[in-house]
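These notes concern the structure reproduced below.
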Amino acid sequence: MSSMQSEIASRLVQFLDLDTDGRRRFVLGVILEAGEITVSSLYKAVKEQFETSRKVVASLLGYICSKLGILSAHKKSYRLPTVYVLKEEYADLVRSVLNATLPAPSDS
């Protein structure tokens, strides 16, 4: 594993350590499954599992893109929404970190 991948793995673990309700884990899982996503499509998936707002989802996606560095963002036109794409070199890393870290405790 390169030093950059080690740094990204460390950031992912810290990101998931702060996950109190399972939302961050769920969002990373959706991104991993989809590979490419917009705020609207992610919001549709998240609102089925969690009570949330579009702004919260957009903020979380922006954080993942800018601070974790596992996504790239692009727009084909100023009229179209930003598309976030999981970088290929980090797909296996995200999968392994999600599998290795414990899920958030449930409220049961």
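The values are calculated or read from the model by the stated rules, or taken from the named source; none is laboratory data. Quick caveat: nothing in here was measured; it's all calculated off a predicted structure. All Cβ positions, even for glycine, are placed from backbone atoms using ideal geometry, and neighbour counts span all protein chains on display.
If you check Ala73 against the conditions, is it more than 17 Å from Ala9 (Cβ to Cβ), free of Cβ contacts under 8 Å to residues at least 40 places away in the same chain and buried (at least 17 other Cβ atoms within 10 Å of the Cβ)? No, not satisfied.
Restricted to region 87-108, and to residues there that are surrounded by 11 or more Cβ atoms within 10 Å (Cβ to Cβ) and part of a loop (DSSP other than H, G, I, E, B), the residue that is modelled with the highest pLDDT is Lys87. Filtering region 1-16 to residues that are in contact (Cβ under 8 Å) with a residue 60 or more places away in the chain and not aliphatic (A, V, I, L, M) leaves only Gln5.
Only one of the listed residues (Ala58, Ala73, Ala45) is in a strand (DSSP E or B) and either under 14 Å from the mean Cα position of the chain (by Cα) or farther than 17 Å from Val97 by Cα (or both). That residue is Ala73.
The number of residues in region 1-60 being modelled with pLDDT under 90 and closer than 19 Å to His74 by Cβ comes to 1. Quick check: anything in region 58-80 touching a Lys or Arg at 6+ places or on another chain (Cβ under 9 Å) and of a type in the set (Val, Ile, Thr)? Looking through region 58-80, at least one residue is touching a Lys or Arg at 6+ places or on another chain (Cβ under 9 Å) and of a type in the set (Val, Ile, Thr).
For region 1-27, a residue qualifies if it is in a loop (DSSP other than H, G, I, E, B) and among the polar types (S, T, N, Q), and the qualifying residues are Ser2, Thr20.
Report, by residue number, each residue of region 74-93 that is of a type in the set (A, V, I, L, M, F, W, C) and out of contact with any Gly (no Cβ under 9 Å at 6 or more places or on another chain). Residues satisfying the conditions are Leu80, Val83, Leu93. Against the test of being out of contact with any helix residue (DSSP H, G or I) (no Cβ under 7 Å at 6 or more places or on another chain) and either surrounded by 15 or more Cβ atoms within 10 Å (Cβ to Cβ) or aromatic (Phe, Trp, Tyr) (or both), the options Val83, Val46 yield a single qualifying residue, Val83. With the requirement that a residue be among the polar types (S, T, N, Q) and touching a residue at least 12 places away in the same chain (Cβ under 8 Å), what does region 34-63 give you? Correct list: Thr38, Ser40, Gln49, Thr52.
Across region 18-33, the qualifying residues are those that are more than 10 Å from the chain's Cα centre (by Cα) and in contact (Cβ under 8 Å) with a residue 40 or more places away in the chain, and the one among them that is surrounded by the fewest Cβ atoms within 10 Å (Cβ to Cβ) is Thr20.
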